[in-house]
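Enquirer: Take this structure, written in structure tokens, and hold onto it; I'll ask about it next.
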Amino acid sequence: MAPLLVLGLALCLSGTWAVDKGNFKTCEQSAFCKRQRALKPGESPYRALLETMELTNTRLTLQLINDNNKVRLLLELYRLQGNITRVKINELKPLKPRYEVPDVLIREPTTEPLSVLSQDENGVVLSLGVESQRVIISARPFRLDIMEGSDVLMSLNSRGLLAFEHLRMRKDTFSYKVTSTVASVWDNIKRVFSSQADPEAEKKEEADPANQAETTKEEEEKVEDGMWEETFKSHTDSKPNGPSAVSLDFSLPGVEHVYGIPEHADTLRLKTTDNGDPYRLYNLDVFQYELYNPMALYGSVPVMVAHSAQRTTGIFWLNAAETWVDISSNTAGKTVFGKMLDYVQGSSETPQTDVRWISESGIIDIFIMLGPTPKDVFSQYASLTGTQSFPPLASLGYHQCRWNYNDQEDVKSVDAGFDEHDIPYDFIWLDIEHTDGKRYFTWDPHKFATPKEMLQGLMDKKRKMVAIVDPHIKVDGNYKIHNEIRSRGFYVKNKDGGDYEGWCWPGSASYPDFTRADMRAWWASMFAYDQYEGTMENLYTWNDMNEPSVFNGPEVTMHKDATHGAWEHRDIHNLYGLYVQMATAEGLIQRSGGVERPFVLTRAFFAGSQRLGAVWTGDNAAEWGHLKISIPMCLSMGLVGISFCGADIGGFFKSPSTELLVRWYQAGAYQPFYRAHAHVDTPRREPWLFGPENTALIREAVRQRYTLLPYWYQLFYRAHVTGEPVMRPLWVEYPQDLATFALEDEYLIGRDLLVHPVVEEGARGVTAYLPGKDEVWFDVHTFQKHNGAQNLYIPVTMSSIPVFQRGGSIIPRKLRVRRSSTCMEHDPYTLYVALNLQRTADGELYIDDGHTFNYEKKEFIYRKLTFANKVLSSVNLAPDAKFTTDSWIERIIVLGASKPSKVTLKTADGQEKQLEFDFDASMSVLTVRKPGMNAGADWTMTFQ
Amino acid sequence: MSCQFLLLLLLSVGVSAVEVQRPRGVPLSKRQFYEEGKPFTCLDGSRTIPFDRVNDDYCDCQDGSDEPGTAACPNGSFHCTNAGFRPTFIPSSRINDGICDCCDTTDEYNSGATCQNTCRELGRKERESLQKMAEIAKEGFLLKQQLIHEANRGLEDKKAKLGDVQGSKKDLEAKVEALRTVKEAAEQPEREAKERHLKAWEGKLSFKSISPSTVCNEHDITGSLVSFKLNIKYCLSLISNADTPAPEETSREEINEPVSDNESDQYPDDDIPEDEDDDDEEDEDDDRDEHEYKIPPTARTEEKKDDDEGAMPPYDQETQNLIDGKNAFKTELFNFGFGICFRNLEKEISFDFGPSSEFAYLYSQCYELTTSEYIYRLCPFNRVTQKPKFGGSETNLGSWGKWAGPEDSIYSVMKYEHGTGCWQGPSRSTTVKLTCGKETVVTSTSEPSRCEYLMEFTCPAICQEPPNLEISSHEHQEL
């Protein structure tokens, strides 16, 4: 494997441990980004032709004209259910259709009536129905403002950066080609200079775009470099459709904090990009990625969340092509507001964030989610792209992965190791080496000769396995999958119409066209037990390399001029990975006859991927910085719907120090997807290989995870129903607390657990911010009570994982940790009731079978737990749902309690019994012994 | 037979009758702490609870001792009697988890899992395998005794040889010293010739490339040197008999390839007649080794360089001497020739071949295992290599490092270190696990972690005196 890796990716690495930035484009090197970014704020050439306005009940259309080139655009505006405004801009009469992203929205969004409030020659004012919200369309230049009362919530094209490169015929093909080639050569030369950090050359480059911006104002647009052909390194992009980029700016008055647009290895709060590259969204297999920069990574969700103490809003830019996002913050109020709005903004001191989106092709299709609360934005976005899939309970347990577990014997001994060291785990994983020569859907005939035997062995212990299935298919006439795909014509085509071939793990490989529904259906059928030989119901799937990764392709991915039917790869690129996971998840559902929930992990993702499974942060490294950044990376994903996120525990590349490994196990125990993984070239690192002391520390971390599985599970149920993130930044729950807005070293799980993992080497203590001036927080380990709205210094040792339960919450746990989550199915619950200052608390308890879709048929238990007036009660939240459980309540722990004289339990049948309890006066902890009622029953418990 | 069965049946009834007397999951040894009807004190003494709270599926004791038969305590343990097999403790989290852990099925009394009592079968199998192992151990142990005996004899031989060589050396040194003065006077006209030699010497970058024998030939001019040559021959015979496989010092620079291969290769056969040495066993191995150690010429050149680097210090010394003392050359030549003898003999004698030198017979041997892809080769106390089956160069998986077993059985694991480096990784290393067997053979190899190899190796030398089998199997019957 190592030689392949060297060949494919690392030739020029020469032993250094960092991304080779030269393999990936900067904005300057990406022709459309360079072109678009050269456009500076100013008066927009676009004008709204108000006379073309048509308003049906729910749809407004209007033509825009570019006064420079007279090309007309069609603007559509919709009011969508749930306080969302959709704005679509396309060419009025494109030469050929432009790509509109399918399969991301879960359905055609429900529209709501729009009405014109007023109209004159300067513009139109539309009512958005609720809360005195209005849209103001200004005609000359075109801009669009969304207002609530006297506040501008968001403005579009207020900086005049709307740009829409219309499709055009290529002029004078021959002579153009010559100039463009010459130009690209010149460009290469310049690039060489600039890469040598020649300040002169850089200045020159900066000056150039300005000139170009000038010239574009001419009637006849000049042909620019990179419009019809672009070369990066040795790869030439043929661009048969010519320039097709789209761009639009958004102004967010009153906003100083924006988040989202994953995936970047960067801070939670997005930075301004004035002095560097924009954030890039282009799914790429980045070898040894670097921290704290805006480079593109494996996945893209073009959703930005803007937050201020007053309001939370979101922008969803539905475009799957390469996209760049510029962010600038303008607290001086330099933005030019239209005259119509001048009276509105009294002060020019209002902080403001300006954002600009640039995509290479497709159309402008944006969803403006108007909040006003963070949770409103989550549900608005969920109404468009769906919610987090409800994972099988077991997949929330611990996953043991490595590239690679060598053979069945190895799997068996690792499995036995967990039992020997009494560490629970649910899934063991097989990376690419398990296959017969990187032919997915097969097993190595020597190393994995009897996979069913192996799977049965795991099943006997109620454990499961994940095997990798990547989307690159070995070109091999003796490989069934390849032959089928080729004969059905399911492969992506190269620009000349042949099957696209690239280099990946198996050597020469082709890539199925997952954008085709028939291809996906076929792919799904390959997971049937009789097709995918050697599989059983406890085998699940992992889709890696689905950016797609093409070792010898431009930027290690597919050529943009490869084709997917009528569309170029350019148009669909960021969607490819989502489709792979979609087809795979569908396969897992189908093989069980639609009964079992799938579990599929993906590396590449897009808006909507949350519906399909889990995502991990790709090939990180065994460094403290990578442990630290796993928090903002997963928080960012959670904000845009993808809750089931995790980073490779221990770090993929390199070998972690024991301290780092232990800390990572501890931090990972409190992140949604909990999987250890390691590169093939690293020494073994199963949890018991670092001496008994560290084994014990890791065991304890994993056990803490397992005790909390009921809480994780019900949070995922909530995420599945509402779209709110499981792992969330503090500001989501404390939206007015400015101190929380940039926090990324701690976070909340649900609403009730605050986690501040130790992510610094040699840490003696951490300072956690406990939010909420009316809140109290209980250390979950010591039960010590702390007041909210304070920075709390917590001394730590190697066993410390600082976690706090919010006063006012009730969290169910299962304290009988067994060797897998399935083994704990029928075990009793302990309820942790943490009282707030008002001496109340509430929480939920969700129970179902843990693995089927039967919850959709209302087969679950969903209860509300409330503590008020010294009475703890369990009330059915879903009276129409039916499910029975063997689980019972074995213990109730009340934190911040006072000593009762007696505790009485009253069950649904009217029976009362007095319960025994312990009271720890020093910590004010009351433990009620063995109340014993069924977890699904109605009951009340009185503390007198 | 049927009587025995009946007896067993009665016995087991008797046993289960006894078990009723103690709470579920309590071993007999702790029965006295669990007295029916009397308050139970947690075994850590932390608190006392009514007896009906023992095994009532709620954890009252910090140490888990009140719930030996349920999964209520996170730190509890459950005792399976496993009649017919070995009694054992399991973590109480494995009680009623639907997975059969105790062969007597007692851990799954309320989970609905259908467990079969497999204790008798397991017991039988264990006894069989124990018996088999004991037989192997017995035979292996006998072989080991023999090995120890031979090793001791061999060691004495070698010590004696070492003494001989030392004696000869002194003798020769004296002679040379005497000759030196004579020659010095006579040698003036020979200066030119000497310079020629000097040039020849300098021209060769490699110290090793001037093998003692070739030097001997070149300088075989005076009668006195005849005896020197003979002695060199004697010395070389010792060397080749021992096959001098040991890498010089185990300094890191040298680890890549063993020094000895090339040396032995470079002695022309006609110059070194097959030795009159008495040890037949060793002779056989010589043949094999010499044959097998032959490596492609290109590889050899490379290896030479490595070796040269390894041997540089004496070379520098040599050069220095050559420059400093005109006639020291020959003396040094002697020293060099003897040096090899000394070093190898001393080396061999200094190896830790086990408490009774039982592993000495492995020295200078090699053992191979062919897998689907590679041929693995273990040369104990020397190195481990891997060679692709279908062509390709050999990779060093580590050179002899140390005994690395756990404290109570240090000799159960060998560690070979500092093999060929891995891409972006450490240098290759191999752990060899020794188990008792009649044959000396490599039974398996694997690479559990990249560039960290694991080899299973059986040999009689690790065999321990077997315990008395009859008694132990009898005990099992009783249970």
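Enquirer: So what's the angle, to the nearest 10 degrees on a 0 to 90 scale, between helix A:408-420 and the longest Cα principal axis of chain A?
Expert: Around 50 degrees separate the two axes.
Enquirer: Now a separate question. Quick one: what are the phi-derived ³J(HN,Hα) couplings along the range A:435-452, Karplus 6.51/-1.76/1.60 with θ = phi - 60°, whole Hz, x for glycine and proline?
Expert: Result, rounded to whole Hz: 7, 7, x, 6, 9, 5, 6, 10, 10, 4, x, 9, 7, 10, 6, 10, x, 5.
Enquirer: I would also like to ask the following. Projected area of chain A, taken from the Cα convex hull and averaged over every viewing direction, in nm²?
Expert: Quarter of the Cα hull surface area: 38.6 nm².
Enquirer: Now, a different point. Count, for each residue of A:649-655, the Cβ atoms from other chains sitting within 10 Å of its Cβ, then give me the mean as a whole number.
Expert: Partner Cβ neighbours, averaged per residue: 1.
Enquirer: Please work out the FRET efficiency for the pair residue B:49 and residue B:407, using the Cβ-Cβ distance as r and a Förster radius of 51 Å; give the result to the nearest 0.05.
Expert: 0.75
Enquirer: Taking the Cβ-Cβ separation of residue B:21 and residue B:159 as r and a Förster radius of 56 Å, what is the calculated FRET efficiency to the nearest 0.05?
Expert: 0.25
Enquirer: Then there's this: Once the Cα gyration tensor of the range B:19-116 is found, what semi-axes does its equivalent ellipsoid get, as square roots of 5 times the eigenvalues, in whole Å, sorted largest first?
Expert: Values for the range B:19-116, descending: 22, 14, 11 Å.
Enquirer: OK, next. Roughly speaking, what is the stretch gain from residue A:886 to residue A:849, that is 0.36 nm per residue apart minus the C-alpha to C-alpha distance, in nm to one decimal?
Expert: Difference between extended and current length: 12.2 nm.
Enquirer: Figure the gain on full extension for residue A:106 and residue A:839 (residue separation times 0.36 nm, minus the Cα-Cα span) and round it to one decimal in nm.
Expert: Value of the extension gain: 259.6 nm.
Enquirer: In the range A:126-168, what GluC sites (Glu not before Pro) fall in a loop by DSSP, with at most 16 other Cβ atoms inside 10 Å?
Expert: Of the GluC sites (Glu not before Pro), the ones in loops of the range A:126-168 whose Cβ has at most 16 other Cβ atoms within 10 Å are A:131.
Enquirer: Place a label point 7 angstrom from the Cα of residue B:435 along the Cα-to-Cβ direction, then list the residues of the range A:441-459 whose backbone nitrogen is under 17 Å away.
Expert: Answer for the range A:441-459: none.
Enquirer: Mind listing which chymotrypsin sites (Phe, Trp or Tyr not before Pro) in the range B:65-146 are in a DSSP loop and have 16 or fewer other Cβ atoms within 10 Å?
Expert: When the chymotrypsin sites (Phe, Trp or Tyr not before Pro) of the range B:65-146 are filtered for loop state and at most 16 Cβ neighbours within 10 Å, B:109 remain.
Enquirer: Please go through the range A:510-594 and write out the chymotrypsin sites (Phe, Trp or Tyr not before Pro) that DSSP classes as loop and that have at most 14 other C-beta atoms within 10 Å.
Expert: A:529
Enquirer: Next question, about the same structure. More than 17 Å apart: what percent of Cα pairs in the range A:728-767 qualify?
Expert: Considering the range A:728-767, 34 percent of its Cα-Cα pairs are separated by more than 17 Å.
Enquirer: OK, next. With r defined as the distance between the Cβ atoms of residue B:390 and residue A:483 and R0 fixed at 30 Å, what FRET efficiency is calculated, to the nearest 0.05?
Expert: 0.60
Enquirer: Once the piece of chain linking residue A:51 and residue A:789 is laid out straight, how much longer is it, given 0.36 nm per residue of separation minus the C-alpha distance between them?
Expert: Taking residue A:51 through residue A:789 to full extension adds about 260.1 nm, to one decimal.
Enquirer: On to the next question. Is there a pair in A:40/A:96; B:169/B:415; A:447/A:628; A:25/A:239 whose C-alpha atoms are over 25 Å apart, and which pairs would that be?
Expert: Long pairs (Cα-Cα over 25 Å): A:40/A:96; B:169/B:415; A:447/A:628.
Enquirer: Averaged over peptide B:90-98, how many Cβ atoms belonging to another chain are found within 10 Å of each residue's Cβ?
Expert: 6
Enquirer: Right, here's the next one. Mind jotting down a quarter of the surface of the convex hull over the alpha carbons of the range A:828-943, in square nanometres, one decimal?
Expert: 7.4
Enquirer: Follow-up. Label-point separation (nm) for residue A:767 and residue B:443, each offset 7 Å from Cα along Cα-to-Cβ?
Expert: Label-label distance for residue A:767 and residue B:443, simple model: 6.1 nm.
Enquirer: Need one value for A:680-687: mean number of C-beta atoms belonging to other chains within 10 Å of its residues' C-beta atoms.
Expert: Neighbouring Cβ atoms belonging to other protein chains average 4 per residue here.
Enquirer: May I ask you to evaluate 6.51 cos²θ - 1.76 cosθ + 1.60, the Karplus curve with θ = phi - 60°, for each residue of the range A:352-360 and list the ³J(HN,Hα) values in order in whole Hz, giving x for glycine and proline?
Expert: 8, 10, 10, 10, 9, 10, 10, 10, 6
Taken together, the values in this text are just the output of simple stated rules run on the coordinates, not laboratory data. In this text the structure is predicted, and so the values were computed from the model without any measurement. Please note: Cβ atoms are built from the backbone with ideal geometry, for glycine as well, and neighbour counts cover all protein chains shown.
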